[in-house]
Amino acid sequence: MRMIDLCCGIGGIRRGFELAGGFKNVMSAEVDKYACETYKHLFGDDANNDVKDDAFKKVLRQTDYDVLLAGFPCQAFSRIGLLKGFQDTTKGTIFFEIAQIIQQTMPKVVFLENVENLVRHDKGRTFEIIINALEKELNYHVVGVNHDNDELTYEKSSFIRNTKNFGLPQNRPRVYIIAFSRDYYGEHLKDIPNELPKKGTKQIYRDLTEILESDVSAKFFMSAGYLRTLENHKARQKANGNGFGYRIVNERGNKKPIANTILATGGSGKERNLVYDPQNGLKYAGRMIAPKKTVINNKFIRTMTPTEWGKLQGFIGYGFMDENGIDHFSFPEKMSNQQKFKQFGNSVSIPVIEEMAVFIKQCVNLMTKDFSEKEKEQYKIPGAQKVIILKAQEWKKNNAKNLKIEKYYDLVKTVGVAQEFAAEKVSKQLNISLVSAYKILKNMEKMNCISHEHGKYELEYVGEKLDAFMQ
Ligand SMILES: C[S@@+](CC[C@H](N)C(=O)[O-])C[C@H]1O[C@@H](n2cnc3c(N)ncnc32)[C@H](O)[C@@H]1O
């Protein structure tokens, strides 16, 4: 299946799908300059596109693809978005930009990833809006959602899966949403499991001790002064009854240590993931190393390294290994450590994604194996084209008699994709009066089959397969 990778970061989601096999990426979008550099370095593709950009959306309408991937940023958005149907009020909210792309290009499968808090955000409303948009406005079946008459019911926790159950020593609960198009899969959707995979099939690292590097540079060890600040802060928090503060994740006595969630927000992500490392610590304790202002601590405490974070997400030591055991993961030269931490923290755990992709593949196989000949034919039609076909069918149903639907079909056939034309051309080409041409165009515009600017029209999407559906 062909996929597009939106808000792609450094491509963790894409890599998980690639590892599952049978998925090929055809388009990517990312606005962060440094993430784009790493993405290009790893995959050879230029991801520099903005999902808010109308020109990019148009390119997507002309791209034949099946699966939409997005690990979009979690933002607050209001209910208004849903009621107004992804209009201006929601402009700029990344989820609605993605929803609009789904609306215009109708992928067969949608895969979304987000922070755990998405299900609780704004008292659960944000998540409710997302599920409602997918189920009701966009006509997708979301795995985990049940239909009780017209009511959607679901267990929020069923969307949360934790990296630690997928073979990596990181406690990283995240929200995963998998949705299948009802317009493509129809009644076959009842044949698939209604629950996301809970566990991985591979044990990549048993615990944290397996990912710690043996030779770590002094700069990762904290200065005694800074460590004292953290200790004092934690003591104050504890006295106030708070559990916050730094954490040493492999404290002695901890038999199976695992890391806390690694986060893009530098400091807190790092300080909740400190490690006790006497092997290297002994070399540096008490030494003054610039630019630190006090000597290196004598408790052998350090932050993790970018390489260790890379292992915690399955980028290093797993996602880019070839069959000979050679690891092809690397960053572009000159990428700063700060950027490396940010990019890994922002990314996903590749083995979790791989498991989700395998699940999608199994579901698709289950559904398509029972397809009729007609369903098989329809399955080949690109989403953006199917959107127009469905609109045309709807239009035909409601207006067949008085709106000369066959003229619309003729027009669709004669005018190419994304080509501007004027009403005069329609009148001439279809041999009808100018008044009739305007009438047809106006109705098509109402159905969103056509856009109109300064006296010029543009068909949203036209394809040769349209004919088959016009009988
Ligand atoms: C949580 S991260 C996803 C990371 C990705 N899943 C990975 O594996 O690295 C969200 C990403 O969305 C990107 N983003 C934000 N606004 C965007 C936009 N308008 N168009 C494209 N990407 C955007 C951010 O730069 C960020 O890298």
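The values are calculated or read from the model by the stated rules, or taken from the named source; none is laboratory data. What you are looking at is a predicted structure, and each value in this text was computed from that prediction instead of being measured. Backbone-built Cβ (ideal geometry, glycine too); neighbour counts: all protein chains shown.
Residue count for region 106-127 satisfying the condition of being within 16 Å of the ligand (Cβ to nearest atom) and not hydrophobic (A, V, I, L, M, F, W, C): 6.
Collect the residues in region 197-254 that are within 17 Å of P306 (Cα to Cα), surrounded by 11 or more Cβ atoms within 10 Å (Cβ to Cβ) and not aliphatic (A, V, I, L, M), keeping them in residue-number order. Y205, T209, E210, E213, S217, K219, F220, F221, listed by residue number. Restricted to region 47-58, and to residues there that are in contact (Cβ under 8 Å) with a residue 12 or more places away in the chain and within 13 Å of the ligand (Cβ to nearest atom), the residue that is nearest to I316 (Cα to Cα) is A47. Evaluating D88 against the criteria (1) at pLDDT below 70; (2) touching a helix residue (DSSP H, G or I) at 6+ places or on another chain (Cβ under 7 Å) leaves one unmet condition, (2). Restricting attention to region 412-449, the residues being modelled with pLDDT of 65 or more and not in a loop (DSSP other than H, G, I, E, B) number 22. Annotation note: of I389, I381, the sole residue that is part of a helix (DSSP H, G or I) and at pLDDT 70 or above is I389.
Can you work out which of the residues in region 21-41 that are aliphatic (A, V, I, L, M) and either touching a residue at least 60 places away in the same chain (Cβ under 8 Å) or near the ligand (Cβ under 9 Å from one of its atoms) (or both) is surrounded by the fewest Cβ atoms within 10 Å (Cβ to Cβ)? Among them, the one singled out is V31. Filtering region 126-177 to residues that are hydrophobic (A, V, I, L, M, F, W, C) and in a loop (DSSP other than H, G, I, E, B) leaves L138, V143, L168. Tally the residues that are farther than 22 Å from H188 by Cβ, away from the ligand (no atom under 16 Å from the Cβ) and surrounded by 18 or more Cβ atoms within 10 Å (Cβ to Cβ), restricting the search to region 129-139. Residues in region 129-139 being farther than 22 Å from H188 by Cβ, away from the ligand (no atom under 16 Å from the Cβ) and surrounded by 18 or more Cβ atoms within 10 Å (Cβ to Cβ): 2 in total. Evaluated against (1) among the hydroxyl-bearing types (S, T, Y); (2) over 30 Å from I102 (Cα atoms); (3) assigned to a helix (DSSP H, G or I), Y185 falls short on exactly one condition, (2).
Residues that are aliphatic (A, V, I, L, M) number at least 1 in the following helices (runs of 4 or more DSSP H) confined to region 222-329: 224-239, 278-284, 306-312. Figure legend. Inter-residue proximity from region 337-360: first residues without any contact (Cβ under 8 Å) to a residue 60 or more places away in the chain, second residues in a helix (DSSP H, G or I) and within 12 Å of the ligand (Cβ to nearest atom), beta-carbon distance below 7 Å, spacing 6+ or different chains. No pairs are indicated.
The condition (being at pLDDT 80 or above and among the basic types (K, R)) is satisfied by just one residue among R120, R79: R120. Set side by side, the residues G22, G16, G9 differ, and just one is modelled with pLDDT of 95 or more, part of a loop (DSSP other than H, G, I, E, B) and under 23 Å from A264 (Cα atoms), which is G9.
Scanning region 334-357 for residues that are within 13 Å of the ligand (Cβ to nearest atom) and part of a loop (DSSP other than H, G, I, E, B) gives S347, V348, S349. The condition of being more than 27 Å from Y65 (Cβ to Cβ), in contact with a helix residue (DSSP H, G or I) (Cβ under 7 Å, 6 or more places away or on another chain) and not polar (S, T, N, Q) holds for only one of K340, K386, K334, that being K340. The set of residues in region 297-325 that are more than 20 Å from F17 (Cα to Cα) and among the hydrophobic types (A, V, I, L, M, F, W, C) comprises F300, I301, M304, W309.
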